[in-house]
Structures are given as structure tokens and as C-alpha cells.
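Undergrad: Dropping a structure here in C-alpha cells format, bear with me for questions.
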Amino acid sequence: MKNKKRKARGKPRASGSEDMTATGDLRENHATDHERRFSKQWSIFRVPEHIRKVDEKAYNPRVVSIGPFHRNRLELRAMEPQKLRLYKRLMKQIGDEKQEVGLQTAIKKLEGRARSCYSEEFNDISSEEFVQMMVLDGCFIVKLMRLYHKSNKHGEYVEEPIFATRWMLPNITRDLLMLENQLPFFVLKEIYELTAFGEEDQEDHPLNKLALLFFEPLGPQKGEYTEIKLQDQGTHHHLLSLFHSSFVPSDYHPRRSRMVRWNRHENFPGKFWLQEVRILRRSGIKFKSNPGNLLNIEFENRELRIPTLFIDDSTGPLLRNLLAYEQCNAFAAPYFTCYAIFLNSIIDVPEDIEILQDAGIIVQSEAVDEEVVNLVNSITKELVFDLHDMNDCYIAKQIEDINDFCKSWKSKCIYQLSRIDFISLGLSFLPSFK
């Protein structure tokens with residue numbers, strides 16, 4: 001039986017001739033924005049078919065089903081006993097049957113609110129089944145994160161089969177950051193707080209921090225979060241939303257005007273916003289790796305500083321789910337959409353990748369340059385984003401500064417000089433010897 005679709009609430013998805021697509025929560029009033037983001041609206045979606053068809057596997061969990069979207073997939077049922085085992089382990093730690101009943105009662109009270117978070121109604125799932133699913137999946141996630149923190153922070157051996165394999169934990173971590181594989185964050189928080197008995201680090205490590213530390217190895221920069229990021233106390237829709245928020249540029253301030261727009265003829269010199277890397281370099285721009293946040297792209301004194309992006313098997317699915325989240329939630333700022341379009345603008349052929357590799361901006365594990373080009377060029381397919389709206393682009397100033405420099409006489413002189421073969425020119429002035 002197919003799940004009955006809800007009637008659409010709010011604005012329908014806009015379409016346009018040159019839209020690549022997305023809109024964001026770059027609002028002037030933060031309080032008003034917060035109310036809008038957490039009013040009665042969907043926050044957990046099934047990935048739209050036109051986006052899913054670009055890379056079907058990127059949106060399907062490999063080993064574990066969380067929530068209702070994938071609960072009946074046969075290939076994921078092998079993980080159900082593992083979820084039940086961690087649930088029982090958590091209940092044994094609590095050691096109080098009344099507390100276990102209280103947990104069920106607390107989640108039952110949240111059922112209506114939790115159901116309204118999903119873009120489909122799931123009328124085929126009874127109230128009892130839905131509550132049991134929330135409790136089982138939520139307890140599995142909470143216990144898994146606590147065990148990971150215990151193992152990672154204290155270096156203790158954790159007697160847990162999931163940690164005894166090389167493949168299982170990385171795949172579970174990846175599955176927990178898929179848009180269709182989410183639980184409402186308030187459900188996780190309720191479970192986290194109600195099962196805090198005997199947890200020494202509960203006060204020092206709130207759920208937000210515990211989750212970010214858990215997902216840290218999956219980050220596309222393979223680096224550690226700053227302490228400021230780990231102190232996040234914000235309200236989030238789900239784990240993917242929390243992960244998304246951890247990349248928000250700290251020094252970005254949205255433009256106030258809603259009337260400023262780019263002109264394609266004047267402002268789009270290449271495929272999209274910028275020329276390709278090889279052309280930018282010939283025009284006098286130097287490339288350098290920028291430490292810190294993945295989204296912190298800077299341009300100053302002819303130097304374009306871009307944070308290092310590590311590319312492995314998890315990079316594509318991770319970026320695609322972050323992009324899908326921005327596409328489905330109009331109040332999620334389109335940072336990754338802008339980032340993806342930026343990369344697509346400057347990368348077109350393997351030579352572009354080689355230049356970025358030499359600068360330490362692209363680091364890949366096994367993929368060849370052509371595969372990286374295909375990944376970058378494909379992640380923007382079917383995205384809805386107004387390329388001309390400067391207000392929704394967090395790197396609008398950098399893009400304008402780069403294009404202004406490329407139009408300057410200095411840049412044009414450098415570009416023309418880069419096309420001259422000085423060796424051949426020098427040889428042409430030498431006398432011929434017979």
C-alpha cells in the first residue's frame with residue numbers, strides 16, 4: 001500500500017527558465033525567521049523524484065532504516081536486531097521499569113507533532129507502531145552516540161559488535177545524515193534527557209555537541225570542529241539540519257536589499273558565475289587552500305582561497321543530501337547550493353582539478369580526475385536556484401570581486417602574456433645554423 005501524500009502546504013516550488021534552483025532563510029529578523037522555520041511545516045521529506053533520479057543510491061540508506069520512509073525495505077531488516085539490542089542495553093542501564101514506561105508515554109505525547117514533521121501521512125502505520133518506531137530508532141541513535149563518545153574521548157574499549165567491524169559504523173554514520181532517514185530532533189532530545197541516568201558527561205555534552213562529535217569524521221574537510229561550533233545550543237529540525245548548521249559561515253551577513261540582481265550578459269563570464277580555474281589562473285589569479293570552514297571562500301590581492309575538500313565515497317551522497325535538504329526546506333539557507341554552483345562554475349575539465357590539487361584545495365582518495373569533474377558537474381543537476389539573485393548567494397561579493405579583477409587591464413595583460421610561447425619566440429630570433 002502506497003503512503004498517501006499530504007496536500008501541499010505553503011508555497012509551491014517555483015520554476016524558471018534559468019533557475020538552477022533554491023531559496024533561503026536569509027531574513028532580516030532572526031526572531032521572525034525562527035518562528036517561521038519551526039511553525040507547522042514539514043521538515044523531513046522524501047527526496048523529489050527529479051533530484052533522486054540523478055543519483056538514486058545517494059539517498060537510500062545502506063544498512064539502517066530510521067523513521068518511516070525506509071522501514072519496510074528488506075535489505076535493511078538485518079539491522080533491526082542490532083537496534084533492539086542497543087535499546088535493551090540502554091533500558092538495562094536505566095534499570096527502572098517505570099522509567100521505561102515513562103519513556104513510551106513521553107514519546108506518545110509527541111506523536112502528533114512528530115507525524116506532522118513528515119511530508120507524508122503514513123496512515124498505514126498505527127499509533128502504537130509509530131511510537132515504538134520513534135522509541136526504538138531514537139534509543140538506538142542516542143546509545144550509539146554515547147558509546148562512540150566513550151570510545152573516542154576516553155579511549156576505552158567498548159564491547160559492542162558495531163564497533164568491532166571496520167565497515168559498519170562509517171555506513172551507519174552516513175545513513176544517519178540522509179534526508180529521508182531522520183527523526184524529529186525534539187524526539188531525540190526527549191529520549192536523550194529521559195535516559196540520562198548514570199551518564200557522567202550529560203551536562204558537559206548536550207545532544208547537539210555529542211551528535212556533532214559523532215559526525216565529525218564524515219565531514220568533507222576531515223578536520224575537527226572548533227569549540228565554538230561544538231557549543232551550539234540552537235534548535236534544529238533533525239540531525240541533518242544540525243550538521244548543515246555547523247557549516248554556516250560565521251562572518252556572513254545577508255544583504256538587506258531584495259532588488260539587486262545579476263545580469264547574465266554582464267555578470268556570467270563562464271558556465272555560471274565565474275570562468276574555469278585554468279582561465280582564472282591565466283588571468284592572474286592565484287589559488288590557495290584556506291583553513292577553516294568548508295564554505296569560507298575568500299578573495300583578496302589576486303588570491304582565491306578555498307578550503308580543502310576531501311573527496312571519497314561518502315562525499316557525493318553527503319553533499320547531495322545537504323543540497324536536497326536546502327531544496328525541500330525554503331527556510332534552510334542555500335549555502336551548499338551556492339557552494340556547489342561555485343565549484344561547478346570553476347571546474348569543467350581534469351586540468352582544473354589538477355590545478356586545485358596542486359594548491360591543496362582538492363584531495364581525493366581513489367577517484368580519478370575525470371570522476372571528480374563528473375561529480376562536481378552532476379551535483380547541481382535539477383537544483384532550483386535563481387542564479388541572478390545576489391541576496392541568496394553568500395559569496396556574492398567574492399564573485400563580483402573576482403569578475404571585476406578579470407575585467408581589469410592588469411588581468412587582461414597577464415592573460416595575453418600567458419598565451420605567448422616565449423621559448424618559441426626567443427628561438428625565432430636566433431640565427432639559423434646549417
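The values are calculated or read from the model by the stated rules, or taken from the named source; none is laboratory data. Since the structure is predicted, the reported quantities are computational estimates derived from the model, not experimental observations. Quick note on the areas: whole protein, heavy atoms, side chains included, nothing else; ligands and nucleic acids left out. Shrake-Rupley method; radii C 1.70, N 1.55, O 1.52, S 1.80 Å.
Undergrad: Leaving out ligands and nucleic acids, and using a 1.4 Å probe, what accessible area per residue does region 283-330 come to in Å²?
TA: Counting only protein heavy atoms, the per-residue value for region 283-330 is 32 Å².
Undergrad: Given a 1.4 angstrom probe, I'd like the percentage of the accessible area of region 284-425 that is carbon and sulfur, rounded to a whole number.
TA: Carbon and sulfur: 52 percent of the exposed surface of region 284-425.
Undergrad: Given the pairs Lys209/Lys286; Lys109/Lys209; Lys83/Lys153, which span a C-alpha to C-alpha distance of over 31 angstrom in this model?
TA: Lys209/Lys286
Undergrad: Now for a different question. Return the long-range amide H neighbours of Val384 (sequence gap of 5 or more, or a different chain), with a cut-off of under 5 Å between placed amide H atoms.
TA: HN-HN under 5 Å from Val384: Thr21, Ala22.
Undergrad: Okay, moving on. So, in Å, what gap is there between the alpha-carbon centers of region 162-189 and region 371-390?
TA: Result: 27 Å between the Cα centres.
Undergrad: Stretch Arg113-Glu303 to full length: gain in nm at 0.36 nm per residue minus the Cα-Cα span?
TA: Difference between extended and current length: 63.5 nm.
Undergrad: Here is a follow-up. Find the accessible area per residue for region 90-215; the probe is 1.4 Å, ligands and nucleic acids are left out, and the unit is Å².
TA: Ligands and nucleic acids excluded, the figure is 45 Å² per residue.
Undergrad: Same structure again: Through the Karplus equation 6.51 cos²θ - 1.76 cosθ + 1.60, θ set to phi - 60°, convert the phi angles of region 383-397 into ³J(HN,Hα) values in whole Hz; use x for Gly and Pro.
TA: Values per residue, Gly and Pro as x: 7, 9, 8, 7, 4, 8, 8, 5, 5, 8, 10, 6, 10, 4, 5 Hz.
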